[in-house]
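Nothing in this text is a laboratory measurement; each read-out follows from the coordinates by a stated rule. All values reported here derive from a predicted model rather than from experimental measurement. Here the Cβ positions follow ideal geometry from the backbone for every residue, glycine too, while neighbour counts run over all protein chains shown.
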Amino acid sequence: MKYYFYSPFFLFLALVCQVHPGYGGTKTKATVSNAVKEACQNAIIKTVPELPHRVGDSIPFKIQIQFRNYPFQKNTQLVISPEVHYNKKIVALQTMRFLAVPNETQINPTEYEEGTALLTRRGNYAFEHEVSLPYDEGIESATLEGRVTIIEGSVSEEIPLIRISDHGFSSYSRMLEPTLELMDLDYEKEKLCVKEIYTILYPAGQFELNDAVNKAAVNGLLQSLRGSKEILEIQILGSASPEGESSNNENLAFKRMESLNKLIVRELLTRSLNPLTSTEVFSDSFITARWNEQPWDSLLNLISPKSGKAYQKLNSILNSDEDASSQKAKLEKLMNEFPSITETYFPKLRSCTVEILTTPSDQSVMSDLTAFNKGTLAKNISSTRLIQMALAAESQDQTESIYKKVINTYPEDYRAHFKIGIIQYQEGMHLDAERSFQQAVVLNPKSAESFNNLGAAQARLNKFSSSLKNFEQAEILNRPSSSNKGYASAQKGDFEGALRQYNDDAYPINRAICFLGLNRPLEAVQLLSNIENRSPQADYLLAIAAARINDIALVCDQLKSAIQKDVQLRAFAKKEAEFNPYRINPKFRESIKLPADYLRSNP
C-alpha cells in the first residue's frame, strides 16, 4: 500500500471549494420565471384565415396571439419569431416583441422599441400580427412554428418551438385565368386610317338594294369596296322607323343588313386590287352587323323645336307619365294630324349605315415599302406615313423595323412605342412591353389604350397593384375593361371587387375562386356544377370547393375526373393543403391514383 502526501496549499483549496461551490463545483444556472414560460406555452396562437391562401405570388395572413393571466415579471421581454418549415427549408417571418410593464401610462415610449406590445399584470391580451411570405413550390404542406425567447434582465432562455399551424398554405388562386385584353389605337382619331360612311335609305317596308331611295350612296359604297385601300373592318347598322310593331321593325332591319352583307362579301372576294381571302372576310369582327331600334324619341333629334305645334305636341306626349300603349295611340293620332312628320322625317330613320375603316395600302405605300427595303426611302417622310407603312407591311420583321425607325427619327411620337409594345407583349416579352407602354404613357398621358396595355403588361409581371392603378386610369379616360380590373383585383386578394367586375356569365372559374376567397364555398360549388363539359381545372377547383363544405364524395368524384382528364393535376392533389383532412381516407387515396389508361401507356 502506497501513501500520498499533499501540500498544505491543496488542502486549503479543497476546503475553499467545499465552502464556496462556485469556485470549484457546478454553479446553478440562472433561469427565467417558470410562470412566464408556462404562460407562453399555454398561449393561444393561430392563423387568420385558418388556411392562409395565395394572393398573387405571396401569402399574406395574420397571426393571432392570446395570453391569459400573463404573470407580471418586471423587465420581462418576449420575442416571438414565426418560422415556416417546408421542404427542409426554414423561412423566418417578422418577429413580434412584448414588454412587461407595471402600467402602460407610466412608460415613456422612448424606453422601448417601436412596434413592441405592452403586457401588464394579470391582463388578458389578444394581439394580431400581419405577415406575408413569397409563394414557393411545396409550401402547401408547410407548418408554422413559433420560436419564443424570454428575456428577464440579463437572463434569456429559448423555450421549445410552439406549433402555430399545421394546415399548410392553400394555392387555389394560382388557377385564376388571365382574362387580360389589350386595346389598340383609335386609328381614325390618330389619322392612321379613314372612316368612310355610307347611309342607304329605303321606302317603308322595303329592304332590297334595288329599292334604295338614294342610289348614289350605293354606288359610292361599291367604289370604296373596289378600291385599293386596305380595309380594316366594316360595320353595318340597320334601323327602321318606329311605327308598327318593334319585332316587325327588327326583322325588316335585319333583312336590309343581310342584303348589304351579301353585296359586301361578294365585292371583297372579287377585288382586283388587294384581294381578300374568305378566311379574312369571314373572320370574327371583320364584318359586324347590329340592329339599332329607332324609338319615337329619335324624332326629337330630327325635328327643330322651332317647327311649332308638331314638335311641342310630340315632346309633350313623349315626356308624359302615361304607359307605353297610351303613348303609342296618341303618337299614331299625331302622325295623322301632321303627315309631314312621316313624309319628311321617317325616311331618314329607314336606313342602313355602312362604316368602312380603311388605311392607305395603295400603290404609293407599297412603293414606299419597297424603297424602305432598299434603303432609298426619302429622309423627310412623316411619322404618320411610316406607321401606315408598318400597318401595310407584309412581315413582322419589316413591321418592327419600321416602328424602330419611327422611334429613332421621331422619339416623341407615342404611337410607335405603343405599337411595338403590342408586338412585344404578344411575343411574351412583357418586361420590354412594359417599358414601351410606359414611354407611350409619358408621351401621351391622355391615351387610355396605353394605360390599359401598360396594366396588362404589369399584370403579366405580377405587379398587380400598379396594374390595377393603370386599368383604373384607362377607365377614367373612358376606356374601361372589367375583365382586366377583375383579374388584377382577384390577384391582389380583393375578391369582392373582382366579383363586381366579372358578370354572371363570364369567367366561371375566376368567379368560383372569388367565392372561395370570400369563404362562400357553396356558391362556388353551385357555379362550377352548372358548367357543361367542365375542363380538368374546373373539376379540380370543384373538388376544392367540395372540401370546403366537407363533401368527401364530391371531392373524390371530381378529383378522379380531373386526373382522368389531366394526369398532371395528380401532383397538385398530392400536396394541396385543401385536401389535408382527407389524406388517410381510403376513398380519397383511391381517387388520386393514376388512371388505368395512363398506366397502360406508361408501363
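In straight-distance terms, cross-link reach from Lys565 covers every one of the aspartates and glutamates whose alpha-carbon lies under 12 Å from its own, apart from those fewer than eight places away in the same chain; here that gives Asp539, Asp597.
Among Ala217, Ile422, Val555, whose Cα projects farthest towards the positive end of the dipole of the chain, with charges put on the beta-carbon of Lys, Arg (+1) and Asp, Glu (-1)? Of the listed residues, the answer is Val555. What base-10 log of the normalised intensity I(q)/I(0) is obtained for the range 448-570 from the Debye formula, alpha carbons as equal point scatterers, at q = 0.12 Å⁻¹? Each listed q maps to, in turn, -0.51. The spread of Cα positions in the range 564-603, taken along each principal axis and listed from longest to shortest, comes to 32, 18, 15 Å. Anisotropy class assigned to the range 112-205 is prolate, per the alpha carbon gyration tensor with a/c at or over the 1.5 cut-off and a/b larger than b/c.
Projecting the Cα atoms of Ile65, Leu528, Ala573 onto the dipole axis of the chain, where Lys and Arg carry +1 and Asp and Glu carry -1 at the beta carbon, places Ile65 farthest toward the positive end.
Considering Cα pairs under 8 angstrom that are at least six residues apart, work out the relative contact order of the range 435-483 and quote it in whole percent.
Details: 50 pairs, mean separation 17.0, N = 49.
Over the range 435-483, the number comes to 35 percent.
Shown in residue order for the range 282-299 are the 3J(HN,Hα) couplings computed by the Karplus curve 6.51 cos²θ - 1.76 cosθ + 1.60 at θ = phi - 60°: 9, 5, 4, 6, 6, 10, 10, 9, 8, 8, 10, 5, 9, x, 4, 4, 4, 5 Hz (x for Gly and Pro).
Classify the range 213-348 from the C-alpha gyration tensor, please: rounded if a/c falls under 1.5, else prolate or oblate depending on whether a/b exceeds b/c.
Numbers: a/c = 3.36, a/b = 2.44, b/c = 1.38.
Prolate shape, in that a/c is at least 1.5 and a/b is the bigger ratio.
Taking a ≥ b ≥ c as the square roots of the eigenvalues of the Cα gyration tensor, the range 49-103 is prolate, since a/c reaches 1.5 or more and a/b is larger than b/c.
Computed from point charges on the beta carbon alone (+1 for Lys and Arg, -1 for Asp and Glu), the dipole magnitude for the range 179-244 about its Cα centre is near 320 Debye. The order of Ser326, Ser447, going from fewest to most other C-beta atoms within 10 Å of their C-beta, is Ser326, Ser447.
Give me the dipole magnitude in Debye, nearest 20, for the chain about the Cα centre, with unit charges on the beta carbon: positive for Lys and Arg, negative for Asp and Glu. List each step's numbers first, then the result.
Values: 67 positive and 72 negative charges, 319 e Å.
Computed charge dipole of the chain: roughly 1540 debye.
Would you mind giving the three semi-axes, in whole Å and largest first, of the ellipsoid equivalent to the range 366-512 according to its Cα gyration tensor? Can you show the working numbers first?
On the way: eigenvalues 252, 42, 29 Å².
Its equivalent ellipsoid spans semi-axes of 36, 15, 12 Å.
Of Phe282, Phe127, the sequence from fewest to most neighbouring Cβ atoms within 10 angstrom is Phe282, Phe127. For the residue pairs Lys191/Lys374; Lys405/Lys446; Lys404/Lys485; Lys469/Lys575, the C-alpha atoms sit more than 29 angstrom apart in Lys404/Lys485; Lys469/Lys575. Note on Kirkwood radius over Cα pairs in Å: of the candidates (1) 28.3; (2) 27.0; (3) 32.0, the value calculated from this structure sits at (3).
Relative to the Cα centre, what is the charge dipole magnitude of the range 194-359, using +1 at the beta carbon of each Lys and Arg, -1 at the beta carbon of each Asp and Glu, and rounding to the nearest 20 debye? Don't jump to the answer; show the numbers that get you there.
Numbers: 18 positive and 21 negative charges, 112 e Å.
Result for the range 194-359 is approximately 540 debye, rounded to the nearest 20.
Placing unit charges on the Cβ atoms of the charged side chains and taking the dipole of the chain about its Cα centre, the candidate lying farthest along the positive direction among Asn444, Ser239, Ser272 is Asn444. Suppose we look only past 27 Å in the calculated P(r) of the range 34-170. What percent of the Cα-Cα pairs does that tail hold? Summing the P(r) tail past 27 Å for the range 34-170 gives 24 percent. Note on Lys313: aspartates and glutamates with a C-alpha under 15 Å away, same-chain residues under 8 apart excluded, are Asp297, Asp321, Glu322, Glu332, Glu337.
Under 12 Å of direct C-alpha separation, and excluding same-chain neighbours fewer than eight residues apart, Lys89 reaches these aspartates and glutamates: Asp136, Glu137.
Counting only DSSP beta bridges with both residues in the range 34-170, what percent are antiparallel, rounded to the nearest 5?
90
Loop-located trypsin sites (Lys or Arg not before Pro) in the range 334-408 (DSSP state other than H, G, I, E, B) with a sparse environment of at most 13 neighbouring Cβ atoms within 10 Å: Lys379.
Entry note: the range 324-371 has Rg to Rh equal to 1.57, where both radii use alpha-carbon atoms and Rh is the Kirkwood radius. Taking the helices alone, the chain has a mean residue ellipticity at 222 nm of -13500 deg cm²/dmol, built from -39,500 (n - 2.57) per DSSP H run of at least 4 residues and averaged over all its residues.
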